[in-house]
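Here's the structure we're looking at; comments come further down.
The values are calculated or read from the model by the stated rules, or taken from the named source; none is laboratory data. Just so we're clear, the structure is a prediction, and the values are computed from it rather than from any experiment. In this analysis, Cβ positions are derived from the backbone assuming ideal geometry, glycine residues included, and neighbour counts consider all displayed protein chains.
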Amino acid sequence: GCFFTLLGGLATAKLSDFFRRIHGPSKSSTLGVGCILFASIIYHWVNGSGVHPRELLVTVFLFLTAPISAHLMSRAALSLMEDRP
């Protein structure tokens, strides 16, 4: 999970265009944080403390909001580019 999160951060810093920059964090960081949350769920389940609803809620919230926000930002940028003469 940490590798994917680091990859998303590097994509934000190194890629040249806005549309390329938004693709890296929306995909790889979502996958990285999702892997970390999944590992946390497995850890708590194995140690007998049970699965906490907050981890499941964070996972659902992350997988719903990150792609939607990236899509909305890219559509806004595209509409700004079309309005420019």
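Listing for the model above:
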| read-out | value |
| --- | --- |
| Those residues of the range 1-26 which are within 28 Å of PRO53 (Cα to Cα) and either touching a residue at least 40 places away in the same chain (Cβ under 8 Å) or not in a helix (DSSP H, G or I) (or both), in sequence order | GLY1, PRO25, SER26 |
| Search result, residues across the range 42-61 that are under 25 Å from LEU7 (Cβ atoms) and either modelled with pLDDT of 85 or more or of a type in the set (S, T, N, Q) (or both) | ILE42, TYR43, VAL58, THR59, VAL60, PHE61 |
| In the range 9-23, residue surrounded by the fewest Cβ atoms within 10 Å (Cβ to Cβ) [restricted to those that are within 17 Å of ILE68 (Cβ to Cβ) and within 12 Å of the chain's Cα centre (by Cα)] | HIS23 |
| Any hit, the range 68-78, residues being surrounded by 11 or more Cβ atoms within 10 Å (Cβ to Cβ), assigned to a helix (DSSP H, G or I) and in contact with a Leu (Cβ under 9 Å, 6 or more places away or on another chain) | no |
| Test: residue in the range 33-45 that is within 10 Å of the chain's Cα centre (by Cα) and either surrounded by 15 or more Cβ atoms within 10 Å (Cβ to Cβ) or of a type in the set (Val, Ile, Thr) (or both) | yes |
